[in-house]
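Asker: So that we are looking at the same thing, I have put the structure below in structure tokens.
The values are calculated or read from the model by the stated rules, or taken from the named source; none is laboratory data. Because the structure is predicted, anything quoted here is derived from the model rather than measured. We place every Cβ from the backbone using ideal geometry, glycine too, and count neighbours over all the protein chains shown.
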Amino acid sequence: MGDGTKKDQAVTQGDRRAGRTVNPSARRKKSGHPRKQKAPSVNLGNIPALTIDHYFPPFFDWLDDLRDPRDPDMIWYSMRHLMTLGLMMYLTHAGSRNQFDNDLEEELLLDNINRMLGETFDTPASMDTVFHLLSRMDPDELAAVPGMMVAALLQSRVLEKYRFDDEYFIAIDATEIYRSKIPHCEKCLTQKHSNGSIDYFHTVLEAKLITPQGMT
């Protein structure tokens, strides 16, 4: 049966709250009362769009080119849509998927996302749909995207002003990226406390470019 029934997949993979924008006949407006427009509490639509357009023009194409593990018959949202929502949840430090789902109900934020991605969804995907995708993707393939971004910056010589005597100064250190009382996977590191409780966590080795303004 795979990952679940067709009904389950419809909820997590398709997230049938909106039609797929690549289909001209897709439903773009919902019936019923229109949503009340209000100022979004989270508005990342403009700054990332300007940065990406200026420094990483192929960025959304890179996201679309990632291998999609979803059932092709259940796909409604593009890779760029789901991956961007996951990135925005991280950038806004949302406390939970449910919290970010609530943020995405605000119309101005969705309008900004649509303009940034070149799409016309009337509702965004739920963060459970984003989680469904990310949990099935190859981490090594995802990790290649930041590498392509750094390569683009080097090729365009954006980082030249941060050289010291024609060399880049790089700081390398381990950092913790995940900690929970619940195991994430079989590769989790563990820390047992004096009260008997156990933390499960992951660390990564990061390289930071040292600049006059600090590490980046």
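Asker: Please work out which one of (1) in a loop (DSSP other than H, G, I, E, B); (2) in contact with a helix residue (DSSP H, G or I) (Cβ under 7 Å, 6 or more places away or on another chain); (3) under 29 Å from Lys187 (Cβ atoms) is the condition Leu82 fails and give its number.
Answerer: For Leu82, the exception is condition (1).
Asker: Just one of Ala171, Ala143, Ala207 is among the aliphatic types (A, V, I, L, M) and modelled with pLDDT of 90 or more; which is it?
Answerer: Numbers: Ala143 fails: modelled with pLDDT of 90 or more; Ala207 fails: modelled with pLDDT of 90 or more.
After ruling out the rest, the residue left standing is Ala171.
Asker: Please determine whether any residue of region 32-47 is among the aliphatic types (A, V, I, L, M), part of a loop (DSSP other than H, G, I, E, B), at pLDDT 85 or above and under 20 Å from the mean Cα position of the chain (by Cα).
Answerer: From region 32-47, those among the aliphatic types (A, V, I, L, M) are 39, 42, 44, 47; that's our starting set.
When the remaining residues are screened for being part of a loop (DSSP other than H, G, I, E, B), the result is 39, 42, 44.
Among the residues that remain, those that are also at pLDDT 85 or above are: none.
There is no residue in region 32-47 that is among the aliphatic types (A, V, I, L, M), part of a loop (DSSP other than H, G, I, E, B), at pLDDT 85 or above and under 20 Å from the mean Cα position of the chain (by Cα).
Asker: Which helices (runs of 4 or more DSSP H) does region 105-187 wholly contain that include 3 or more residues that are of a type outside the set (A, V, I, L, M) and either touching a residue at least 40 places away in the same chain (Cβ under 8 Å) or surrounded by 11 or more Cβ atoms within 10 Å (Cβ to Cβ) (or both)?
Answerer: 107-117, 127-134
Asker: Conditions first: (1) on the phi > 0 side of the Ramachandran plot; (2) at pLDDT below 90. Gly196 passes all but one, so which condition is the exception?
Answerer: The one condition Gly196 does not meet is (2).
Asker: May I ask you to list pairs of residues, at least six apart or on different chains, whose Cβ atoms are under 8 Å apart, with the first in region 196-208 being surrounded by 14 or more Cβ atoms within 10 Å (Cβ to Cβ) and the second being among the acidic types (Asp, Glu)?
Answerer: Phe201/Glu176; His202/Glu176; Lys208/Asp173
Asker: Any residue at all in region 160-168 that is in contact with a strand residue (DSSP E or B) (Cβ under 7 Å, 6 or more places away or on another chain) and at negative phi?
Answerer: Taking region 160-168 as the starting set, the residues that turn out to be in contact with a strand residue (DSSP E or B) (Cβ under 7 Å, 6 or more places away or on another chain) are 162, 168.
The next check asks that each one be at negative phi; those that pass are 162, 168.
Yes, some residue in region 160-168 is in contact with a strand residue (DSSP E or B) (Cβ under 7 Å, 6 or more places away or on another chain) and at negative phi.
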